Structures are given as structure tokens and as C-alpha cells.
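Asks: What follows is a structure written as C-alpha cells; I'll ask about it next.
Derivation of every value follows stated rules applied to the coordinates shown; laboratory data play no part. Model, not experiment: these values are computed from the prediction. Cβ placement follows ideal geometry from the backbone for every residue including glycine, while neighbour counts extend to all protein chains displayed.
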Amino acid sequence: MRGQVDRFIRERVMPCEEVLDAGGPASAATMRDLHDQARKEGIWALPLPAELGGRGLSLTEYAQVAEVEGASDHGPAALGSALLLDVLMLHRHGSARVGEEYPKRLTAGELRACYAMTEQDVLGTDPSMTRTRAVQEADGSWRVSGRKWFISGAAGADLVTVLARTDGAPADRGGLSLLLIPADSPGFRVVRELPVLGTGGQWEIELNGVRVPGDHLIGERGSALTIAGERLQLGRTLRCLRWIGQAQRAFDLMCERVNARAGSRGPLGGHQLVQQHVFESLLALRTTRPLVHEAVTQIDAGLDAHVEVGLAKVAAARMLQRVTDAAIQVHGAAGLGPDTPLPALFRTGRAARILDGPDELHITSVARRVLRGYDT
Ligand SMILES: Cc1cc2nc3c(=O)[nH]c(=O)nc-3n(C[C@H](O)[C@H](O)[C@H](O)COP(=O)(O)OP(=O)(O)OC[C@H]3O[C@@H](n4cnc5c(N)ncnc54)[C@H](O)[C@@H]3O)c2cc1C
């Protein structure tokens, strides 16, 4: 299956990257076409639960294909795996109605979802200060007001999971809840796109007194940070697997380039300083991969994976940035131009050190946990 997914990504998805990156109707139509092709090939929704219409691979099994699937940033969306986090969250924590209505349709690719935690005026690393509020009405429904930004895929989403304060005051870690909001609800508005290093896909949204049915609360009232933590642990690990695939792609391009390009003193690969780029990149790739698979094993076994995921996230983000930077360097100007995927891969590597929690958050959180083990 890994070989089949690898071929699909290289032969069908990568040639469409330019159209997919540009967004808009042509991008959406291309994505739908890729979904159909993936379904025909039997590689749609590989890690999603079989009872909902996915292939039901365990995380450990899926990890074997996630690297090659993620070699293109569009791979997980093209093959339906990007739906995993929303589907699992709604399936495990949604009310009977939410569980009945949405996870199967998401798995089938009929609906799209996004997840909105981050706010402009609040440290993303400290959600206890969240300003978005949800107030319960006499009939049990909720009125949600606030703004969120850098929300991936918000413009095309049918469903938005929003983190909001339902009780308590800023700085309380309790009192935060998750609510599922259909994007066609009155008062929901996509405000603007926020290009990241020049590329779209992230959006600012506004919730202006949006009414949400009472049974669209996800999990218990006040349980948002527990559910978000579960989602983020898995989400970060999946991203790490995909970043390894992207770094491997940059590494392959680098090696092909240094062997193919030659001057009067022979091929670029004959220069020791170029060999150092190759060595350091390979070392970064090979030392990161086992860390990520350790996190996969820990999560799949249902064990506490905070340390493993924190180590993997920081290592994989740094590694992707380092390998793509080296690949750009040996390509010279061509590495910054439009003819290779290196600028896009480098952009992902840079953003990787901030999204899903910046490096500093993981470094301090891992160190604190480790030091607690030495407390006498
Ligand atoms: C491409 C992309 C996609 C994203 N997608 C989503 C999405 O779909 N949904 C969503 O809700 N959010 C999303 N985000 C937002 C992302 O999760 C936040 O940017 C991230 O959590 C950091 O929060 P912040 O931007 O508020 O940075 P801040 O919390 O303001 O941190 C800024 C900097 O301050 C320092 N810092 C912060 N906290 C600490 C600390 N505890 N210790 C030491 N230093 C610290 C770090 O240098 C950090 O980079 C996305 C962001 C990007 C770039």
C-alpha cells in the first residue's frame, strides 16, 4: 500500500500542486477529482474508522504510509486522511445527534471541517485567556461571539469547531468548551484570508452572536482543553510523519541536483562543503524518524505521549526547515524560483516551528515533565 500511495502522490497529486496552491474554484474541482481517483484506487480515508466508511488502519499501520502521503502538502486532503482529527473528535465526543449526522458524511468527503482555537489578542500558547464567549439560552442553545484567526481551511468549511469560554473568567483553565458550528449559521463570517509567507489557506473568522443548538456542544461543558489536548497530540504526530515525507522529497532533489550539476572542477557533489549539506540533512532525517515513530507507538498504545510528541514535534519541524534550507542552498537561485517545490517545502518548514504550538512551548513542557521525574 505504501508503494501504491507513493505512486499516487507522485503521479497524480504533485503535478496538480500549482493549481491546488492557487485556491479558488479550479483548486476545489481538482481536489474533488483527486478524491474520486483515490476512491477508485481503494486508498481513500486509510486511517479513518471502518464503521464510518474509512479503511480502518491503526495509527501504527497508517504511519507506514503517512510519510509518502504527506510528501505533498496536499496529499492528506487528496486521500481523505486529513479528516481524521475532526472525525475522531466528533465520533468520540459528539452528542448522539452530532455523532449520527456528521462523522459518516465527513468520512465520505461530503463535508469539510476546520478547527478554530487561535485568537489575535491572546497568546496561542495560553488558551486559558480565550476571549470568544458562548452563553447558554433558556432553550439550551448557545450564542457564540468572538474572532479567530489563522484557521486552516475555514473558507471552504461546512463545520467549524470553536473553542469558547462558557464559564469562569480569563486565566481559568476550566470553563472552556468546544462547540460545533455549521458554517451557514447566521452571524458566522469569513473576514479575510491570511497568506502565510505568500501562500493562502488560512483565514480569519468572526462569530457574531451565532446560535448553536445545545447538542452541538462537543464533550462535557468545560472539557475543551482535555479534548483539544487529545486532538493536538495525534495531530502533531501526523504532521511530523508528513514533514518527514516532505524533507525526504527535498533531500532527494538536493542529491539529484548535486550529482547532475558540474563545473570545471567536476560535479557539485565532489565539493566537501556540499557533501556536508548532504550529510547533515541525512543525519537530521535519520535521527528524527525514530523519534516520530516512538510517539506513534506511545499514542497507539494509549500511553502518556507528552514527552515523545514534544520531542518529535520540535525535532521534525527543525529538521524540515534545515533540510529544505540545505536543498535550496545547493540549488542556488533555482531553489528560490518557481521551478521546484523547494520554496513551498521551506515555507512549511518555517511555519512548522510555530503552528500546533511553537518550539518554545514544547521545549519547556518536555523539560518540566522530565525534571519532575528527578524531584526527590
Ligand atoms: C500555517 C498555520 C496554520 C494554522 N492553523 C490553525 C488552525 O487551523 N486553527 C487554529 O486554531 N490555529 C491555527 N494556527 C495558529 C497556531 O496554532 C498558532 O500560531 C500557534 O499556536 C502559536 O500561537 P500564536 O501565534 O498566538 O503565538 P504566541 O502564543 O503569541 O507566541 C509567539 C511567540 O512567543 C514565544 N512564546 C509563546 N509562548 C511561549 C512560552 N510558553 N515559552 C516561551 N516562549 C513562548 C514563542 O517564540 C512564540 O513563537 C495556524 C498557524 C499557522 C502559521
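Asks: Per the Debye formula with a single identical scatterer at each Cα and no solvent contribution, what log10 I(q)/I(0) holds for region 125-237 at q = 0.13, 0.20 Å⁻¹?
Replies: Treating every Cα as an identical point scatterer, log10 I(q)/I(0) equals -0.49, -1.13.
Asks: Each residue of region 75-87 in order: what ³J(HN,Hα) in whole Hz does its phi give by Karplus 6.51 cos²θ - 1.76 cosθ + 1.60, θ = phi - 60°, with x for Gly and Pro?
Replies: x, x, 6, 5, 9, x, 6, 5, 7, 3, 5, 5, 5
Asks: Whole Å is fine, so just give me how far the alpha carbon centre of region 191-205 lies from that of region 131-187.
Replies: Centre-to-centre (Cα) distance: 20 Å.
Asks: Mean residue ellipticity at 222 nm from the helices of the chain, using -39,500 (n - 2.57) per DSSP H segment of n ≥ 4 over the full residue count, to the nearest 500 deg cm²/dmol?
Replies: Per the formula, -16000 deg cm²/dmol.
Asks: In terms of modelled amide H atoms, which long-range or inter-chain residues lie less than 5 Å from the amide H of residue 141?
Replies: 214
Asks: Check which residues have an amide H placed less than 5 Å from residue 152's amide H, if you skip close sequence neighbours.
Replies: Here the answer is 115, 203, since their amide H atoms fall under 5 Å of that of residue 152.
Asks: Further question on the same structure: Do any chymotrypsin sites (Phe, Trp or Tyr not before Pro) in region 1-78 lie in a DSSP loop with no more than 14 other beta carbon atoms within 10 Å, and if so, which?
Replies: Hits after loop and neighbour filter: nothing returned.
Asks: Next question, about the same structure. Hey, could you pull the Cα Rg and Dmax for region 245-360, both in Å?
Replies: That works out to 16.0, 58 Å for Rg and Dmax.
Asks: Another question about this same structure. Cross-link candidates for residue 104: which aspartates and glutamates have Cα within less than 12 Å, leaving aside residues fewer than 8 places away along the same chain?
Replies: Here the aspartates and glutamates satisfying the reach criterion relative to residue 104 are 51, 86.
Asks: Separate question: For the chain, find the longest principal axis of its Cα atoms and tell me its angle to the long axis of helix 306-331, 0 to 90°, nearest 10.
Replies: 40 degrees
Asks: Given a cut-off of under 8 Å on Cα pairs at least six residues apart, what relative contact order in percent is computed for region 234-310?
Replies: Reported relative contact order: 32 percent.
Asks: Once amide H atoms are built 1.01 Å from N in the peptide plane, which residues 5 or more positions from residue 172, or in another chain, come under 5 Å H to H?
Replies: Here nothing satisfies the definition.
Asks: Follow-up. Write down the radius of gyration of region 2-107 and its Dmax, each obtained from C-alpha positions, in Å.
Replies: Gyration radius and largest Cα-Cα distance of region 2-107: 14.0, 42 Å.
Asks: Could you work out how far the C-alpha centroid of region 218-277 sits from that of region 294-308, in angstrom?
Replies: Taking the Cα centre of each part, region 218-277 and region 294-308 sit 21 Å apart.
Asks: Follow-up. With an 8 Å cut-off on Cα pairs and a minimum separation of 6 or more residues, tell me the relative contact order of region 12-83 in percent.
Replies: 32 percent
Asks: On to the next question. Relative to the compact-globule scaling 2.2 N^0.38 Å, provide the ratio for the alpha-carbon radius of gyration of the chain.
Replies: So the chain has a normalised radius of gyration of 1.02.
Asks: Against the globular-protein guess of 2.2 N^0.38 Å, express the Cα radius of gyration of region 193-240 as a ratio, rounded to two decimals.
Replies: Region 193-240 yields a ratio of 1.59.
Asks: So how far, in whole Å, is the C-alpha centre of region 52-71 from the one of region 310-366?
Replies: When both Cα centres are located, 23 Å separates them.
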